[in-house]
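The values are calculated or read from the model by the stated rules, or taken from the named source; none is laboratory data. As the structure is a prediction and not an experimental result, all values here were calculated from the model. Ideal geometry is used to build each Cβ from the backbone, glycine not excepted, and the neighbour counts take in all protein chains shown.
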Amino acid sequence: MVLSGLERAMSRPHLETLALHGGVFRADPATLAVTPPVYQTTSYQFRDTDHATRLFALKEVGYTYTRTINPTREFLERRVSAVEGAKAALAVATGAAALLNAVLTLAGRGDSVVVSRDLGTGPHACLPGTLERFGLHVRWADPSDPASFARLSDASTRAWVAESLSLPRLELFPVRAVAAQAEGIPVIIDNTFLPLTVRPGDDGAAVVVYSAAEVLSGSDTTAGGLLLDTGALAWEARPERVPALNTPDPSYHGAVWTDVVRPWQASPYTARARGNPLRDLGAAISPLAAFQLLQGVETLPLRVPAQAATAAYLAEALEGHPALTGVRRTPGALVGLDFATKTQAQAFLAALTLIQARPTLGGARSAACLFALPAPRVVVLVGLEHADDVAGDLLQALKTV
């Protein structure tokens with residue numbers, strides 16, 4: 001039978017539907033509540049000693065301790081996985097913890113990672129130094145030269161790491177071109193500022209990371225982070241590239257993660273992320289924070305297009321403004337405004353009345369932050385205010401420059 005256009009559309013839920021219903025949650029099994037409950041507990045009752053033994057031996061799936069697993073966190077993980085089209089997700093306390101855990105799940109002392117040079121100037125500027133303190137070797141690649149990642153790699157390389165949109169340069173990372181050369185090396189992409197707009201998994205990235213405090217939350221209230229196995233990489237195909245998942249893990253009584261998850265067809269990557277760096281370093285997200293982030297995810301498909309449309313409108317309106325030396329557009333809600341001097345950029349920020357000058361870019365309220373490139377650039381994260389009101393604030397502030 002040939003499906004009509006509407007029937008074909010109904011056969012695969014749209015993002016708006018997945019944001020509300022994704023993750024197979026219909027109602028709480030205990031109470032039938034339609035909103036995922038906050039399971040504010042640290043511990044869980046075992047049925048008997050055999051039950052506890054099977055859980056800790058990874059022979060049965062269940063709840064042990066909230067640092068590593070919690071029902072409310074599961075709701076968030078499954079919902080974001082559905083929206084992202086990913087195989088699995090793990091939620092943690094912050095975006096910084098998400099990216100650190102994403103790397104440490106794959107790499108350890110003596111291993112190397114190849115990092116986009118843009119990571120050295122943005123929100124994750126401290127990450128390379130932290131990885132080196134863990135005994136990893138960090139090598140810097142040029143994102144404008146996709147082949148540089150492969151040239152810098154050898155048998156010790158466990159991951160390539162980049163942001164889909166660099167801050168403050170606001171340049172898109174060539175995910176597809178880089179991933180095409182990875183040959184089994186996992187590509188990790190921080191997609192914090194471009195959810196839904198850019199889908200790194202479709203371009204070959206094995207892992208996608210989010211700082212949830214920004215666009216995912218949409219509220220300026222809650223910190224959190226997620227790392228997702230996109231399903232783009234078969235973790236067993238090149239075991240020498242990902243030995244952490246394919247050889248016995250001494251920190252978890254010799255578990256081989258690809259073997260452990262096979263009965264459930266689950267992700268060995270998120271399983272090890274949960275059972276190793278999250279368990280050992282403890283960057284657990286609270287159940288309440290997971291619940292609050294779920295509320296933000298529900299409106300994500302409505303907010304992202306609206307904010308991107310306002311950002312495009314502003315960029316076009318400000319192009320060629322005499323007080324600016326340039327305007328940098330992005331596919332998302334960020335706009336870069338370039339000034340001739342730092343003094344001018346500071347005067348502009350001081351004159352803003354609606355837009356908030358602050359270091360956190362994200363949420364429903366428009367915000368702006370000053371960076372040095374070497375030329376000064378003010379990056380504006382467009383919120384949900386009316387486009388004309390945001391434009392009016394920017395134009396009145398530019399008159400003071």
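Limited to segment 232-259, what total is found for residues that are under 26 Å from the mean Cα position of the chain (by Cα) and assigned to a helix (DSSP H, G or I)?
Within segment 232-259, residues that are under 26 Å from the mean Cα position of the chain (by Cα) and assigned to a helix (DSSP H, G or I) number 6.
Given the options GLY122, GLY110, GLY129, name the one that is out of contact with any helix residue (DSSP H, G or I) (no Cβ under 9 Å at 6 or more places or on another chain) and under 30 Å from PHE291 (Cβ atoms).
Sole residue among the options that is out of contact with any helix residue (DSSP H, G or I) (no Cβ under 9 Å at 6 or more places or on another chain) and under 30 Å from PHE291 (Cβ atoms): GLY122.
Can you tell me which residue is surrounded by the fewest Cβ atoms within 10 Å (Cβ to Cβ) among those in segment 341-362 that are assigned to a loop (DSSP other than H, G, I, E, B) and in contact with a strand residue (DSSP E or B) (Cβ under 8 Å, 6 or more places away or on another chain)?
Within segment 341-362, the match that is surrounded by the fewest Cβ atoms within 10 Å (Cβ to Cβ) is PRO359.
ASP229 versus (1) under 24 Å from ALA309 (Cα atoms); (2) buried (at least 23 other Cβ atoms within 10 Å of the Cβ); (3) among the charged types (D, E, K, R): which is the lone unmet condition?
Failed condition: (1).
Which members of segment 363-380 meet the condition of being in a strand (DSSP E or B) and farther than 18 Å from GLY326 by Cβ?
Residue satisfying the conditions is ALA367 alone.
Those residues that are among the β-branched types (Val, Ile, Thr) and either in contact with a Ser or Thr (Cβ under 7 Å, 6 or more places away or on another chain) or not assigned by TED's automatic domain parsing to the domain that holds VAL208 (or both), I need them from segment 166-189; list them, please.
VAL175, ILE185, ILE189, listed by residue number.
What's the total number of residues in segment 363-376 that are surrounded by 15 or more Cβ atoms within 10 Å (Cβ to Cβ) and at pLDDT 85 or above? Full working, then the answer.
Step one: list which residues in segment 363-376 are surrounded by 15 or more Cβ atoms within 10 Å (Cβ to Cβ), which gives 363-371, 376.
In the following step, the residues that additionally are at pLDDT 85 or above were identified as 364-371, 376.
Of the residues in that region, 9 qualify.
If you go through segment 90-103 one residue at a time, do you hit one that is surrounded by fewer than 18 Cβ atoms within 10 Å (Cβ to Cβ) and within 17 Å of SER286 (Cβ to Cβ)?
Within segment 90-103, one or more residues are surrounded by fewer than 18 Cβ atoms within 10 Å (Cβ to Cβ) and within 17 Å of SER286 (Cβ to Cβ).
Confirm whether GLY332 is small (Gly, Ala, Ser), touching a helix residue (DSSP H, G or I) at 6+ places or on another chain (Cβ under 7 Å) and in a loop (DSSP other than H, G, I, E, B).
Taking the combined requirement at face value, the residue satisfies it.
Output the residues belonging to segment 116-143 that are touching an Asp or Glu at 6+ places or on another chain (Cβ under 9 Å), outside any loop (DSSP other than H, G, I, E, B) and over 23 Å from LEU172 (Cβ atoms).
HIS137
For a quick check of your reading of the model, give me the residue pairs whose first member lies in segment 24-45 and is at pLDDT 85 or above, whose second is among the small types (Gly, Ala, Ser) and surrounded by 10 or more Cβ atoms within 10 Å (Cβ to Cβ), with beta-carbon atoms closer than 7 Å and at least 6 apart or on different chains.
ALA33/ALA27; VAL34/ALA27
Just a yes or no: is a residue in segment 86-100 modelled with pLDDT of 95 or more, charged (D, E, K, R) and farther than 13 Å from GLY275 by Cβ?
yes
Considering each of LEU337, LEU349 in turn, give the residue that is in the same structural domain as GLY392 (by TED's automatic domain parsing) and under 14 Å from GLY326 (Cβ atoms).
Criteria check complete, one pass: LEU337.
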